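The next block holds one structure in the form of structure tokens; read it before the comments.
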Amino acid sequence: MKFDMSDKIKNITISILFIFTISVVLIMNIVKKDNEISIAERRKLAKFPELSMEKFYNGELREQFDKYTMDQFVFRDNFRKIKAFVELNLFRKKDINNLYEYNGMIIKQEYPLNEKSVENIVDKINTINENYLNESNDVYYTIIPDKNYFADEKYLKMDYSKLQEKMNNKLIDMKYINIFECLNLEDFYYTDTHWKQENLKKVSDKISSEMNFKDRIVTTFEEKEITDFNGVYTGQLQVKTKQDTIKVLTNEIIKNSKVYNFETKKYDDIYNLEKVKSGDKYDIYLSGATPLLTIENKSVKIPKKLIVFRDSFGSSLVPLFTEAYSEIILIDTRYIATKYLKDLVEFENADVLFIYSTLVINNSASLK
Amino acid sequence: MVFSSISFIYYFLPCVIILYYIIPKKFSNLILLISSICFYVYGEPVYIFLMISTTLVVYFCSLFIDRYRDKKIKKLIYILGLSIPIGSLFVFKYLDFITVNINTLFQTKLQVLELALPIGISFYTFQLLSYIIDVYKGNVKVQKSFIKLATYVSLFPQLIAGPIVRYQTIEEELDNREHSLENFAYGVTRFVIGLAKKVLIANSLGQFCNIFLTINEKSVIFYWIYGISYSLQIYYDFSAYSDMAIGLGRIFGFHFLENFNYPYISKSITEFWRRWHISLGSWFKDYVYIPLGGNRKGKFILLRNIFIVWLLTGIWHGANWTFITWGLMFGGLLTIEKFLIKDKLDKVPNVFRRIYVLFFIMISFIIFNSPDMNTAINHIIGLFGVNGEKLINGETIYYLRSYFIIIVAAIIGSTPLINMCVKKIKEHKNIKKIKNVMEPIFIIAMLIIVTGYLVDNSFNPFLYFRF
């Protein structure tokens, strides 16, 4: 076969480019400083493993080194963007790791319905009801739909009707407040799981109406823009989305109320503006994930208590109830086991509200 | 270590290539041997000694066989040289399977050893066996250098996933191989294409198959798409590893034989096995089928030989009744083709012949991928709606839409269509020049995309900051 000059140049180019690429990347990976954390994944990145013969023989060293090479790869986030681009645009996959983009919004495809998880949370709620609550308590529960509920029918959705039905049938001695009709997709952040506080007036009205405290919320709210916000899904799915903004609904009642944190033993404002500097700005609402908080409103003349068992969605909703109660206790049983509550919380004569998102209900193993 | 990993591509490979090409040629085999041992130890720190010791036994036995060619003791040493590798393969891969079945059958309580399967044992054992058999028969000269023999056995391009390289294939190249830009560039191209096949296609199809296996809401169509997808996945996975092995071999001057030749265009099962895992099929033909008499000793012996070969072929893939069934199924189909339908099959239009082949291949791979025969049967009858599932459902439509392009690309890529187009392009001088410009760009683009996929493998997000 006649050897073409251009074939020679092609061969030289391929050979040099390949050796150059893999060698330069090797050098860059060795030389560059390791990153501590991944903002996109909200976790620490793997460090270079400690060398030991035991780890070498049991394979742990290999696993840790492999993880390290991937976590610390140079320009890692850019390479991940390339993968996302290829999967979504070339292969036209509908989701990546069950995340998809819809009208400029990133949505998690929470599917299928985990019936065992629903039964688990029902058991936990009934146990709390049985152990801590009595006739002096008016007990309610509500379910917050996740964004996938509102998305196009072409995506897979869990059976939300079955979820509600299971909970309605199995939860004992408590009233269901259905807020599904109060919400639509625009009420949620584009890049985060959570809902926007500025859109929750209708949810607050529904719940307060059903719980008979709507007439105690008379002061109007003022909407204040706080900061741009890149939610939890930013960086998980490398696509272009609309920009989120954190806004708060505030008034004199909220400004004058304080939040006591049982973990830190400190008081904070309801909207902790120091969290603007944190990795997750949604933590502005009630300072983020904590096991036990109390909102104290000294402006209420007749003491009235509300106890809320909640997940993170409650952080932005519950401040809207502040005016109606002298004391609102927020309990997140992902961070505190319910057996400790008898020493920390007085349940007598309190209104009780269980408020969980479908995401937590469908993955309730984290509840203690 | 696997080829499709950051640690191999961006840590191990550049070091080995640079070392190999800067160190004097007389140390080439030593560099490859040390690299291959490091490669193996990385994934298998304990059983490296098994591979080395088995190689040593075969090395010494072969030397003795060569030394005592005219003596009766030659046969004894030959049997020893065969028994040790076969014995170690049996103990690590098959002993527990035999034990469990004896316990089930005879209600005994024999101890199950639960030994981990050493990586690559099926491949290097067969390579050692082919070497000692060829030495015994006088087909190859005995290799007096242990380093060269060990290099052949442990050569990292083909150590863990084949192809099964016969010693005679690279006998001369162990002593004297050509290093050229053409070889190097061909090797790089072949390696990167194999990498792309594995990471972009095979792994994606694997995700789809996993979805099928874990999802509760199946449908009849979902069973069919699973069968097709798994057949494609295993082809891409296996042929990709062969591509990468051949490519890596070429980078270091070795010419391995092709292991796959578009098996899914076959018009008969007989033809399929001339195109699929060629190195395994030819190994069993040359070292089992022909020595047993092949087709030269009458019909009964032929049927026996077919049964033995396909039983062993099934068993070679794994210690499970599914693999044995898979192997025997092909034995049965080949027997039927050979004795009952050969003339009739030749008269059937090609399209129907291909449908017949693809259908049974799909069924065989459904069995192959099942953890047990009950699951295999369930999946097969699911194809025909016997499980009571709907013809199609929302989940099937969703996942079919999500993986449609990958599946179609995989189907097209499994045919010679792309290769034919490339050949046509090469015939036109001007287009060939453009191709020569595009090819390096394509190779690096593939490498970059594959790197994106590999780096994303450690993606593990949390809702809340974990520190």
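The values are calculated or read from the model by the stated rules, or taken from the named source; none is laboratory data. On a predicted model such as this, the values are computed, not experimentally measured, just so you know. Ideal geometry is used to build each Cβ from the backbone, glycine not excepted, and the neighbour counts take in all protein chains shown.
Pull up region A:59-73, narrow it to residues that are buried (at least 19 other Cβ atoms within 10 Å of the Cβ) and part of a loop (DSSP other than H, G, I, E, B), then point me to the one that is farthest from the other protein chains (Cβ to nearest Cβ). Among those that are buried (at least 19 other Cβ atoms within 10 Å of the Cβ) and part of a loop (DSSP other than H, G, I, E, B), it is A:GLN72.
You will find that of B:LEU181, B:LEU174, the residue that is more than 14 Å from chain A (Cβ to nearest Cβ), of a type in the set (A, V, I, L, M) and in contact with a helix residue (DSSP H, G or I) (Cβ under 9 Å, 6 or more places away or on another chain) is B:LEU174 and no other. Could you please find all residues in region B:4-17 being more than 7 Å from chain A (Cβ to nearest Cβ) and either more than 17 Å from A:ILE19 (Cβ to Cβ) or surrounded by fewer than 18 Cβ atoms within 10 Å (Cβ to Cβ) (or both)? Of everything in region B:4-17, those that are more than 7 Å from chain A (Cβ to nearest Cβ) and either more than 17 Å from A:ILE19 (Cβ to Cβ) or surrounded by fewer than 18 Cβ atoms within 10 Å (Cβ to Cβ) (or both) turn out to be B:SER4, B:CYS15. Scanning region A:248-303 for residues that are over 21 Å from A:LYS201 (Cβ atoms) and in contact (Cβ under 8 Å) with a residue 60 or more places away in the chain returns A:PHE262, A:GLY279, A:ASP280. For region B:284-356, give me every one of the helices (runs of 4 or more DSSP H) that falls completely inside it and has 1 or more residues that are of a type in the set (A, V, I, L, M, F, W, C) and at pLDDT below 90. Because the criterion is at least 1 residues that are of a type in the set (A, V, I, L, M, F, W, C) and at pLDDT below 90, the helices (runs of 4 or more DSSP H) in region B:284-356 that meet it are B:342-347. Applying the condition of being surrounded by 15 or more Cβ atoms within 10 Å (Cβ to Cβ) and away from chain A (no Cβ under 14 Å) to region B:378-410 and asking which residue is farthest from B:GLY314 (Cα to Cα) yields B:GLU389. For region B:180-206: of the residues being part of a helix (DSSP H, G or I) and without any contact (Cβ under 8 Å) to a residue 12 or more places away in the chain, which is surrounded by the most Cβ atoms within 10 Å (Cβ to Cβ)? Filtering region B:180-206 for residues that are part of a helix (DSSP H, G or I) and without any contact (Cβ under 8 Å) to a residue 12 or more places away in the chain, the one surrounded by the most Cβ atoms within 10 Å (Cβ to Cβ) comes out as B:ALA185. Is there a residue in region B:158-176 that is outside any loop (DSSP other than H, G, I, E, B) and either at positive phi or without any contact (Cβ under 8 Å) to a residue 12 or more places away in the chain (or both)? Checked against the condition, which is being outside any loop (DSSP other than H, G, I, E, B) and either at positive phi or without any contact (Cβ under 8 Å) to a residue 12 or more places away in the chain (or both), region B:158-176 yields at least one hit. B:PHE60 satisfies every condition listed in (1) closer than 21 Å to B:LEU89 by Cα; (2) within 14 Å of chain A (Cβ to nearest Cβ) except (2). Any residue at all in region A:75-85 that's closer than 24 Å to A:ASN230 by Cα, assigned to a helix (DSSP H, G or I), facing another protein chain (nearest Cβ under 8 Å) and among the β-branched types (Val, Ile, Thr)? Taking every residue of region A:75-85 in turn, at least one turns out to be closer than 24 Å to A:ASN230 by Cα, assigned to a helix (DSSP H, G or I), facing another protein chain (nearest Cβ under 8 Å) and among the β-branched types (Val, Ile, Thr).
In the set A:TYR100, A:TYR111, A:TYR141, only one residue is facing chain B (nearest Cβ under 10 Å) and not in a loop (DSSP other than H, G, I, E, B); that residue is A:TYR100. In region A:204-233, the residues that are among the basic types (Lys, Arg) reach residues that are modelled with pLDDT of 95 or more and not in a helix (DSSP H, G or I) with C-beta atoms within less than 7 angstrom, at least six apart or across chains, in these pairs: A:LYS206/A:ILE177; A:LYS206/A:ILE179; A:LYS224/A:LYS247; A:LYS224/A:VAL248; A:LYS224/A:THR250.
Say whether the condition of being aromatic (Phe, Trp, Tyr), surrounded by 15 or more Cβ atoms within 10 Å (Cβ to Cβ) and within 14 Å of chain A (Cβ to nearest Cβ) is met by at least one residue in region B:359-377. No - not one qualifying residue is present in region B:359-377.
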